[in-house]
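Here is the structure we will look at.
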Amino acid sequence: MKRLNLQSVKTLYLAEMARSMRTILQSIVSPVISTSLYFVVFGAAIGTRISEVDGISYGAFIVPGLIMLMLLTQSVSNASFGIFFPRFSGSIYEILSAPMSYVEVVVGYVGAAATKSLILGVIVLVTARLFVPYSIDHPLMMAVFLVLTAVTFSLLGFIIGIWADGFEKLQLVPLLVITPLTFLGGTFYSIDMLPPFWQAVTLANPVVYLVSGFRWSFYGISDVSPLVSLGMILLFLSVALAMVGWIFKSGYRLKP
Amino acid sequence: MIRVEGLSKTFSDGFQALVDVDLTIQRGEIFALLGPNGAGKTTLISVICGLVNASRGRVLVDGHDNVRDYRAARSLIGLVPQELTNEAFTTVWDTVSFSRGLFGKPKDPAHIEQVLRSLTLWEKRNSRLLELSGGMKRRVLIAKALSHAPQVLFLDEPTAGVDVELRREMWEVVRGLRDQGVTIILTTHYIEEAEEMADRIGVIRRGEIVLVENTHALMHKLGSKELTLQVDEPLEALPESLAGHGLALADEGHALVYSYDAARQEGGSTISGLLADLEAVGVRVKDLHTRQSSLEDIFVSLVQERRSP
Ligand SMILES: Nc1ncnc2c1ncn2[C@@H]1O[C@H](COP(=O)(O)OP(=O)(O)O)[C@@H](O)[C@H]1O
Ligand SMILES: [Mg+2]
């Protein structure tokens, strides 16, 4: 095998970024507005009743969860649309007939989707600053969680974009799976605020580990050990990679 | 340039679209893959270009196996698909440059400009694809395929649904490419197109290559000629002295049909002999015309021939 074909990857990556940039205004405006709304509704309204969670002001407590919420939904929708669109428009033939390896195709698409959601994650982080002061205890680990989550969920989006055979399905998964899991994943509360039975159920929700680990990197508090969080996200990443590998090997929905 | 060996393709629904295809494409030629809709033309091209996995057999592009050595094989190939794509928002320039980059080639604005000019797309370089007509979009697809200077160009039904004028222009472009040394494989179900364009023709039917021939040889070998003679007085039977010419009566005795092929032209019967014999028996010829069967007839006769058991 030849070395990585950087020119091809760069071309694909930049074209995908350019596609995102065409809609950059709505890409940025909508998360900024929704983040602000979350702060108004959850921070201001509920925060007056719940003044502190684990010694952190409620407003600051929800910041990591909100960023995760944005990161997950944006990663999935960017990446799924990114690969679904050429399938839908017919231009996928060009990718498949180019002298590119599967790895290069995935790096191009998933890299661009993850980059965009990371940019939005940072924007949300900055927006949140307008509402609440927060600290970041472990900035390096925060970056690691941020990148791993963006990549993992962009891979998931990529898989969805290949699996979906219509726009409905493309929107179904984010709507029916990602959003509920995020809301129930400890974004807006600490899971030890729940009754014991629901705590146990919640631990089956993968998003809990992401939010918990990410919040730990901010304030040093977590529902589960940060190492468990890291382990879980690496596990999700491996599963997603294995599925993408299988898709290309079998030609599923790409090559009859 | 391209060797296809024992290639078969059975789709997941069990349909066998290619049956043990063997084919060699020579460097620098224009090869037409001719066959009715559903014959397997697109499938064959798709396997060669890496869009469809073969069930059996292999493909070599300039000696490179298109699966094991796909990078080398694919980088030689440009593909113009049958269906128009509908990416709407990119500009002509961007999409053509994108194609070049995807093939791992460094930016080369001069080359892109030359490609766009040769396809009369230069004026439209800043137009978005949604602003272009169907014919223009097809040219953009050709430009994309040429952006990385391929040695082999596949054109899948390049002139389907294209008006006559544009078709002529397209043919000129294809000939120009061949003159630059590009090997061209085009598929078509228009017989005239194969006849007009191709150096060699391969006929594909139900996934099988039924024949591959030099276009002229094919015409010569299978093309039959007919001479129809209109006579003054209807004949009830053929005069005995004309028996040697293999004539047939037609049009209730008003016409005589003389068919000859390449071999018979050199044999005993000649047209001058026939005319002399007609004169001798007093049959007066009022009018005559000849007909040479085109590939269309050959094509129909081939298909019928194979269909009957
Ligand atoms: N992905 C597929 N799954 C099943 N059958 C297919 C698929 N693609 C093409 N076919 C069938 O294979 C046959 C050949 O198709 P195609 O190669 O497109 O023909 P052509 O290009 O000569 O018109 C057709 O009968 C078509 O229905
Ligand atoms: Mg076809």
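Every number here is computed from the coordinates shown, using simple stated rules; none is lab data. Since the model is a prediction, treat every value here as computed from it, not as a measurement. Glycine also receives a Cβ, built like all others from the backbone with ideal geometry; neighbour counts cover every protein chain displayed.
If you go through the stretch A:55-91 and keep only what is surrounded by fewer than 24 Cβ atoms within 10 Å (Cβ to Cβ) and either among the aromatic types (Phe, Trp, Tyr) or within 9 Å of another protein chain (Cβ to nearest Cβ) (or both), you end up with A:Tyr58, A:Phe81, A:Phe84, A:Phe85, A:Pro86, A:Phe88, A:Ser89, A:Gly90, A:Ser91. The strands (runs of 3 or more DSSP E) found wholly in the stretch B:1-87 and carrying at least 2 residues that are of a type in the set (A, V, I, L, M, F, W, C) and within 11 Å of ligand 1 (Cβ to nearest atom) occupy B:16-25, B:30-34. The number of residues in the stretch B:35-65 that are within 16 Å of ligand 2 (Cβ to nearest atom) and either closer than 21 Å to B:Ile191 by Cα or basic (Lys, Arg) (or both) comes to 11. B:Ala32 meets the stated requirement of being more than 17 Å from B:Ser75 (Cα to Cα), of a type in the set (Gly, Ala, Ser) and more than 12 Å from ligand 2 (Cβ to nearest atom). For the stretch A:132-169, residues that are surrounded by 18 or more Cβ atoms within 10 Å (Cβ to Cβ) and assigned to a helix (DSSP H, G or I) total 19. Just need a number here: residues in the stretch B:151-187 that are within 16 Å of ligand 1 (Cβ to nearest atom) and among the aromatic types (Phe, Trp, Tyr). Matching residues across the stretch B:151-187 total 1. Candidates in the stretch B:107-150 are the residues that are small (Gly, Ala, Ser) and in contact (Cβ under 8 Å) with a residue 24 or more places away in the chain; of these, the one that is farthest from ligand 1 (Cβ to nearest atom) is B:Ser127.
Annotation note: of B:Ile2, B:Ile77, B:Ile48, B:Ile25, the sole residue that is crowded, with 22+ Cβ neighbours inside 10 Å, closer than 21 Å to B:Ile209 by Cα and at the interface with chain A (Cβ under 10 Å from one of its Cβ atoms) is B:Ile48.
Within the stretch A:171-187, is even one residue in a helix (DSSP H, G or I), out of contact with any strand residue (DSSP E or B) (no Cβ under 8 Å at 6 or more places or on another chain), over 18 Å from A:Ser80 (Cβ atoms) and not hydroxyl-bearing (Ser, Thr, Tyr)?
yes
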